[in-house]
1. Find the centroid of the Cα atoms in region A:569-626 and in region A:231-308, then give the distance between the two in whole Å.
2. Give the order of A:129, A:592, A:71, A:43 when sorted by the count of other beta carbons within 10 angstrom, beginning with the fewest.
3. Could you please rank A:623, A:117, A:408, placing first whichever residue has the fewest other Cβ atoms within 10 Å of its Cβ?
4. Relative to the compact-globule scaling 2.2 N^0.38 Å, provide the ratio for the alpha-carbon radius of gyration of region A:431-555.
5. With the contact rule set at Cα under 8 Å and sequence spacing of 6 or more, what percent relative contact order holds for region A:190-274?
6. Pop a pseudo-label 7 angstrom from the Cα along the beta-carbon direction at both residue A:117 and residue A:345 and give the gap in nm to one decimal.
7. Shape of region A:289-429 from its Cα gyration tensor (a ≥ b ≥ c, root eigenvalues): rounded if a/c is under 1.5, otherwise prolate when a/b > b/c, or oblate?
8. Where in region A:548-573 is the amide nitrogen less than 16 Å from a point lying 7 Å along the Cα-to-Cβ axis of residue A:303?
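Here, each number is a calculation from the coordinates, and none is a lab measurement. On a predicted model such as this, the values are computed, not experimentally measured, just so you know. Cβ: placed from backbone, ideal geometry, glycine included. Neighbour counts: every protein chain shown.
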RNA sequence: GCCCGGGUAGCUCAGGGGUAGAGCAACGCACUCGUAAUGCGUAGGUCAGGGGUUCAAAUCCCCUCUCGGGCUCCA
């Protein structure tokens, strides 16, 4: 081709620079022109914001970003490509398998299958599948993009009913049904794209993919599960395989290590190790008992919360656990929440239900007498235990139980007070959460759904009030359009824990329905009756769940104020026990929770036991300490004890720490 | 509720048709020690429960309960 000058194209890079390439150059050529290292690491490209294969020819004037495996978008491509390899492996081991979808997800991927003759995967199957996947990877099969019309696509996947349904769905609506389907098919134009690895194996997919299976390999199949087609329990249950994949063996190993770390933090494990709570089968699923140390932690949490509520103008109330059906008919719970309620009990001709929520009872307290505008906002607060029928499969340690103690509050206010009340309420909620060591917040503002009660103007005003509370609190939030309950817009507060996991905790909901159902009123300054507005608010959400989250957040290393045992005294020999007892009573008099372990085991063993219990402080007392009235301080998180600390000084230190709700670090 | 996998000593687990095992914990005795496991000894089990197959079942089969991982659900 020396007889003609090669045409050239110009492309822009993310840093604003431009680069000249031969006409017909691909993303891979671009990466190569930048550097051989980049060419080696390149997974895919983003052309004018659209993710594409490395083999895509570039046209002049486009902006191109090269995706490598060490960034999230690149990993998604690796995971999605690995899911295709999984599908090919399964079809070669189970001929006749029907495929559903196989998207990348946070930290991995999955693929849903419908095996011939209703077969199911077992854990042993995963080993064989992984083996087959490694063969496919070593064959270095190319991912070849094919584009088809809808008609061709339907013909290509004629024996794949799930793929057919996806293609028809997009053809008829021009939209994939949800985010995960969007990875399978692109709605743009009248095209269906597919990626072919071999003569036999081709899968519907939007792409992009790695150039060939040889680029994969750092993966692991994690588990098998059942999953309903399109998440609908009325439709067939498919066999899902979860896996994870990374760009390198190191990154995969790090990920698996993080999973182990999360397992070590599992509150169910810590609950047993630290003797805090358990779930006796004789009582029933989802119904925990708290042991002395667990109860102490829980009580400390509740005491602090109650004190903060009183300081902020809340009045504590107390209400029973069951009520006649009449109450839940008025509240409407029997109408729209009956499935979530425990079944009724008949007694003396009346029907009683365990309460699923506290609000109706708080409303009855409000309604016991006529209320004046001067009393508003009226803030009622209760640690109210409610019972909800959670299906057996959803129970999960303390984070999903059937007996739930809510730190529940209902605020009744005049409409013109709503915005101020929400603002101070949100600030209060965040302050209390911060005291428990949770500092990273993200909120969700859920707005009016299609089906709703009340007036549009009311909804708009309440939504604006919630929004302004979020703005004032200066926390990041997203708006979930149409996600509100039918009776109210709401704010949900999520927190990030120490290892970055997101938990939904507090909720603030305005309620347009209950004040009306209960015909609530107050007498205004104008001497006429008005309808109050109502706010539901749970701060911890559920005390049990919050307890579990805190345990995981701290990995069991609770700050000193929450530790059930704050100090353990270890006399070096038994003739130091008298002094140890003196230290114990001094600390106890200062309100510190303290124990002493007698010298009938070697000191090292006793230190070890105390460390395994994750106690904040171990005090060793020996000859020098008896002589000088000092203690040896071994703090959690260190193996470097401090010798000769004056007893008074230690008391001062730990008291201050308890006061500030801080404490030594991890064990 | 549905799919998959478990349930053997208080805990963690081994054993997989022929009379039940280990480590830790517990208990007893000795040791008296300056910072993450002192030694010796003792006791501890209807192998989740029920039914079946077998001369014989912890072990194989069926049912139930229960726990875990997912799916659905979370007002």
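1. A separation of 32 Å, based on Cα centres.
2. A:71, A:592, A:129, A:43
3. Ordered from fewest to most neighbouring Cβ atoms within 10 Å, A:623, A:117, A:408 come out as A:117, A:623, A:408.
4. 1.22
5. Across region A:190-274, relative contact order equals 19 percent.
6. With each label placed 7 Å out from Cα toward Cβ, I get 5.2 nm.
7. oblate
8. A:559-567
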